[in-house]
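The values are calculated or read from the model by the stated rules, or taken from the named source; none is laboratory data. Computed from a prediction, not measured in an experiment: that's the story for all the values here. Ideal geometry is used to build each Cβ from the backbone, glycine not excepted, and the neighbour counts take in all protein chains shown.
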Amino acid sequence: MTTINPIGVFDSGVGGLSVLREIRRELPGEDLLYVADSGHAPYGDKSGPLIEARSIAIVEFLVSQHAKAIVVACNTATGVAIETLRARFSVPIVAMEPAVKPAAMHTKSGVIGVLATSGTLVSNNFAKLHARFGADVNILVQACPGLVEQVEAGDLSGDKTRALIEQYVLPLLAQKADTIVLGCTHYPFLASLIQEIAGSSVAIIDPAPAIARELRRRLASIKQLSPEARAGTERFWTSAAPDETKQVISQLWQVDVEVLGLPNVSSVEATLKN
């Protein structure tokens, strides 16, 4: 019997479940492993060396679980660590980036807004995107402190969440943005509220479906796709308190799931500090 190896997915917290959701839709036969590094969320205000160390350690864990491919479901981790991860690990690694290109192709006003963490917006990856597409469209960047924490707490529509989104989105609309990029994987869980505040004429772009299609393409190219007739499974780990994270993951995944505590993966961090 052929062994079916899983796909590993990780994020600074629960936001990457928005990517996992699209992977499940695109690849129903795959077994999925998900690590929520909620004990260190949000990555957006953490140092580059810490984010890189966490990313390496989590990928090492996922590889130890026989992952045949890795999805970095975090724009900030991609911006900081993707080159190191690809140099260090031989498995295919698919990574996020803000969907500036499709937004630039979609806009009619010539103005797009990018909602992201400060860590993503100051990354070299984002600078390259801005340089590539900023000549043709006006790219308005908006750091969104506090939004990740609201999603981590499972508050997708409360007064504080609404007030934060209004604070970040309304200035973009005032500058004629007609397309808004969700530049953090936590934000798709706020998409309906963002759409309500922005209005139906504003396009909201989530890169997750494109990431899932790219993962399918990469697996197909190395003949590692699982049969779609089988029912894929999901397993979840967190670096925070499992009981607390379980509630939010179950809420966002819309199924009651088991969440395990992530084994100690701090050896890389210790090496960096020495």
**Message:** Among (1) under 27 Å from ILE58 (Cα atoms); (2) touching a Gly at 6+ places or on another chain (Cβ under 8 Å); (3) crowded, with 16+ Cβ neighbours inside 10 Å, there is one condition PHE89 misses while meeting the rest; what is its number?
**Reply:** (2)
**Message:** Exactly one of these conditions fails for VAL71: (1) under 29 Å from ILE204 (Cα atoms); (2) assigned to a helix (DSSP H, G or I); (3) assigned by TED's automatic domain parsing to the domain that holds LEU33. Give me its number.
**Reply:** (2)
**Asked** among the polar types (S, T, N, Q) and at pLDDT 95 or above: does that describe SER109?
**Response** yes
**Test: residue in region 35-49 that is touching a residue at least 40 places away in the same chain (Cβ under 8 Å) and over 25 Å from ALA241 (Cβ atoms)** = yes
**Residue among VAL14, VAL9, VAL19 that is assigned to a loop (DSSP other than H, G, I, E, B) and closer than 18 Å to PRO207 by Cα** = VAL14
**Filtered residues of region 191-226 (kept if free of Cβ contacts under 8 Å to residues at least 12 places away in the same chain and closer than 20 Å to PRO28 by Cβ)** = ARG217, ALA220, SER221, LYS223
**Message:** So, restricting to helices (runs of 4 or more DSSP H) that lie completely within region 76-192, which ones have at least 1 residues that are among the hydroxyl-bearing types (Ser, Thr, Tyr)?
**Reply:** 118-121, 159-174
**Request:** Scan region 35-49 and give yes if some residue there is among the aromatic types (Phe, Trp, Tyr) and touching a Ser or Thr at 6+ places or on another chain (Cβ under 9 Å), otherwise no.
**Result:** yes
**Request:** Could you check how many residues of region 37-78 are under 15 Å from HIS186 (Cβ atoms) and surrounded by 23 or more Cβ atoms within 10 Å (Cβ to Cβ)?
**Result:** 13
**Request:** Would you please name the residue that is nearest to ARG235 (Cα to Cα), looking only at residues in region 22-33 that are of a type outside the set (Gly, Ala, Ser) and in a loop (DSSP other than H, G, I, E, B)?
**Result:** ASP31
**Request:** Quickly run through region 200-209 and pick out the residues that are buried (at least 16 other Cβ atoms within 10 Å of the Cβ) and closer than 22 Å to LYS108 by Cα.
**Result:** VAL202, ALA203, ILE204, ILE205, ASP206, PRO207
**Item:** Criterion (in the same structural domain as ALA77 (by TED's automatic domain parsing) and either crowded, with 19+ Cβ neighbours inside 10 Å or touching a Phe, Trp or Tyr at 6+ places or on another chain (Cβ under 6 Å) (or both)) met by exactly one of LEU215, LEU182
**Value:** LEU215
**Item:** Every residue from region 168-211 that is more than 19 Å from the chain's Cα centre (by Cα) and among the charged types (D, E, K, R)
**Value:** LYS176, ASP178, GLU196
**Fill in**
Of those in region 86-111 that are touching a Leu at 6+ places or on another chain (Cβ under 7 Å) and of a type in the set (A, V, I, L, M, F, W, C), the residue farthest from VAL9 (Cα to Cα) is VAL111
**Request:** Would you confirm whether any residue within region 34-53 is in a loop (DSSP other than H, G, I, E, B) and in contact with a strand residue (DSSP E or B) (Cβ under 6 Å, 6 or more places away or on another chain)?
**Result:** no
